[in-house]
Amino acid sequence: MRNDHFSRHARQVITVAHGRDPSSDPSIARSWLRCLEDYHLDPAQTIAPTVLEHGRLQESRERLQQVLHIAGSEMNSLHQQLSGAGHAVLLTDARGVILNCVTAPSERRIFERAGLWLGADWSEACEGTNGIGTCLVERQSVTIHRDEHFRGRHTGLTCSASPVFDPHGELLAVLDVSSAREAVSRQSQFHTMALVNLSAKMIESCYFLRHFEHHWLLRFHLQAESVGLFSEGLLAFDGDGRICAANQSALNLLGQARGGLLGHPVEALFDCTLDQLLGRASANATASWPLRTREGRHLFAALRGQQRSVPTPAASPEVPSLPGICLSDPALQADFGRALKVFERDVPLLINGETGCGKEAFAKAVHQASRRADKAFVAINCGAIPESLIESELFGYRGGSFTGARKEGMPGKLQEADGGTLFLDEIGDMPLALQTRLLRVLEDRIVVPIGGEPQAVDVRIISATHRNLLERVQEGSFREDLYYRLNGLEVALPALRDRADKSQVLDFLLMQEAGGQSVELSAAAREALLTFAWPGNLRQLRTVLRTLCALCDDGRVCVEDLPMIIRQVQPEGVAEASTQRALGNAERLALLDVLERQCWHMTHTAACLGVSRNTLYRKLRKHGITRYLVT
C-alpha cells in the first residue's frame with residue numbers, strides 16, 4: 001500500500017509539474033518542476049535526509065549563536081501558543097539545516113522519524129518541496145500541506161515557514177512549524193502561519209536591535225502606539241549620521257530602496273537637523289514623538305542612544321543659520337529677531353502673507369531657533385481638513401466616542417505639540433464654532449478631547465493666514481477676541497517679488513533642489529528668474545527649480561530650458577529693468593524723507609502716506625530700510 005501511495009504521488013507530481021493539471025497551485029507546480037529538472041530528484045525515493053556531522057553542526061550553530069539565543073524564548077512561546085501537542089517548532093540557517101527544535105519530549109521520536117532532527121538538511125535540493133526549502137527559494141512565507149510536498153515520504157507533514165532577514169536584507173534563517181497530525185486542514189494553517197510570521201518578525205527585530213546596540217537606532221511607525229511593535233521601522237546610523245542599515249518596514253514606510261539609503265545622511269530623510277534628532281535620543285527610547293519626512297509624511301519615532309543637548313540660541317540680534325529658510329533680507333531678519341524674542345516670552349505670533357511666501361518655513365525657523373527646538377513642531381492646515389474632522393484632529397478623541405472612531409482613541413494636534421509648538425496654517429478658514437474652543441484652550445491651557453477628560457498642555461501657538469482677518473472679524477466669520485489673542489505680534493512676510501534677497505533665495509533653493517548635483521545657471525537664465533513676478537511665490541520658484549534640476553543633463557541651465565511663461569515675459573522685463581530701478585530709488589528716498597519727518601513713528605508714517613502699516617512694512621523690506629524705533 002505504501003509503495004502504491006508513493007507511485008500515485010509521483011505520477012501526480014509529474015502531471016502537475018509539466019502543466020497538465022491547470023487546477024494546481026502555480027507556486028507548488030514551479031517548485032515541483034525545479035525538483036525534477038534542476039535537482040533531478042525522484043518523488044518516490046525514500047532515502048533518509050542528509051544530516052551534518054556533529055562538528056559541522058556545532059560550527060553552524062556558533063555562526064548563528066546570537067540568533068539562536070534570541071529565537072529560543074520566541075520558539076518556546078510559539079510552541080505554547082500552538083497548544084504544544086502535535087507541533088515541532090524549528091529554526092534553520094540560510095542553507096536549510098535545522099539548528100534548533102522545540103517539541104514535546106513525548107513526540108520527539110515522531111518528528112525524528114519524519115526526518116526533522118538537528119543537523120538535517122531540508123533545502124529544496126535535498127528534500128524537494130517543503131516548508132523550509134521552498135521558503136528559502138521563494139524568500140517569503142509559505143505553507144506546504146501534506147500532498148503538496150515533493151517527496152512521497154513527507155506527505156504526512158504540514159509545514160508553515162517564514163524567512164528571517166538580517167539588517168542588510170540578507171536571508172538569515174527560517175522559522176518553521178511542522179505538524180505530523182492527519183487532522184490538520186489547510187484552512188487551520190492560516191492561524192498557524194500568522195503566528196509564525198509574527199514570531200519571525202520578532203526575532204528579526206530583536207536581532208536588528210542587538211546587532212546595532214552601539215549605534216544610534218531610530219524606531220518609527222505611522223501610528224504612535226505601533227512604535228516598539230514588530231511592524232515598526234528600524235533605522236541604524238553612526239555618529240556621523242550615516243545610515244548603516246534599515247529593516248523592510250523602514251523601507252516601506254519611507255518609500256525607499258535599500259541601496260538608496262545606505263551610507264546617506266539620515267537628516268536627508270527627515271525634516272530636521274542631525275543635532276535636533278540626536279537631542280531626542282534616550283537610553284530606553286520608550287516615548288515616541290512626531291517626526292516628518294522631507295516628503296511631508298507624518299511619523300512617530302523614538303531614538304535609542306545617549307541624549308545630546310541641543311544648543312540654546314544666543315540672545316543676540318543675529319539670526320542663526322537654520323535649515324529650510326533663507327533670511328538674507330535685512331528687513332526679514334529684523335522681523336525674525338522680533339518674532340523670536342516675543343515667542344520665547346510665550347507671545348503668540350500671527351504670520352500674514354500671500355500663498356506660497358514661506359509662512360510655515362518662517363514659523364518652523366522660529367521654533368528651531370527657540371529653546372523649544374528639541375520639542376515637537378506640529379502643523380495643521382485649517383483650510384485643508386474637512387470641517388467635520390477639524391475638531392477631532394485638533395483636540396483628539398477617546399476611543400469609541402463616535403462612529404468610526406479608533407477603538408484606542410487618538411491624541412489631537414494640541415496634545416502632540418505638548419511642550420513644543422503648534423502651527424495653525426490658514427487660521428482664517430477655521431470654523432466659527434471651533435474658534436470658541438480654541439480660544440478657551442489658549443486661555444486655560446486645558447484640552448478636552450471628544451468624549452474624554454481635560455488634559456493640561458504646554459504649547460506655543462503660531463498661526464498664519466493669507467486673508468485679512470480684520471475684514472473677516474467685521475464680516476462676523478472670525479471672532480474678534482480670538483483675533484486679538486492670536487495677534488500678539490503680527491509679522492507680514494513679503495512676496496518673493498518684493499524681497500531684497502531674491503538672488504540669495506534663488507541660490508539657496510537651487511542648492512536644496514539640486515541635492516548635491518552640480519547645477520549652474522547661465523547669466524541670462526538667472527536674470528530671467530530674478531525678474532519674473534512669481535505669482536506663486538517661493539512655492540512656484542521651488543517647483544520650477546526642481547523641474548530644471550531633474551531635466552538638467554549637462555549641469556547648466558540656459559534661458560531656453562526655462563518654462564515658456566518665464567521666457568515669454570523676459571523681453572519686456574529686460575526692457576523695463578532700468579525704469580523700474582529708477583522708480584524704486586525714487587520711492588525709497590520718498591519713504592526715508594517721510595520717516596525722518598515723522599521721527600520713525602510707523603503709525604504716523606503710514607497715515608501720512610495713506611497706506612496700511614502692513615503695506616508700509618512691506619515697502620521697508622523691499623528697499624532694505626531696517627531702522628525700527630517707534631511703532
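The values are calculated or read from the model by the stated rules, or taken from the named source; none is laboratory data. Because the structure is a prediction, the values reported are computed rather than measured. Please note: Cβ atoms are built from the backbone with ideal geometry, for glycine as well, and neighbour counts cover all protein chains shown.
Summary of computed values
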item	result
The range 467-517 - residue that is of a type in the set (Val, Ile, Thr) and part of a helix (DSSP H, G or I) and, of those, farthest from Glu354 (Cα to Cα)	Val473
Hey, His79 farther than 16 Å from Leu195 by Cα, assigned to a helix (DSSP H, G or I) and either among the acidic types (Asp, Glu) or under 39 Å from the mean Cα position of the chain (by Cα) (or both) or not	no
The listed residue being touching a residue at least 40 places away in the same chain (Cβ under 8 Å) and either of a type in the set (Ser, Thr, Tyr) or surrounded by fewer than 20 Cβ atoms within 10 Å (Cβ to Cβ) (or both), out of Ser178, Ser188	Ser178
All positions within the range 2-37 that are closer than 10 Å to Glu148 by Cβ and modelled with pLDDT under 75	Ser24
Selected residue (only one of Val473, Val447, Val459 is among the β-branched types (Val, Ile, Thr) and either surrounded by fewer than 20 Cβ atoms within 10 Å (Cβ to Cβ) or over 31 Å from the mean Cα position of the chain (by Cα) (or both))	Val473
Filter result for Ile98 (crowded, with 16+ Cβ neighbours inside 10 Å, β-branched (Val, Ile, Thr) and in a helix (DSSP H, G or I))	no
Among residues of the range 152-210, those that are under 26 Å from the mean Cα position of the chain (by Cα), within 14 Å of Gly72 (Cα to Cα) and acidic (Asp, Glu), counted	1
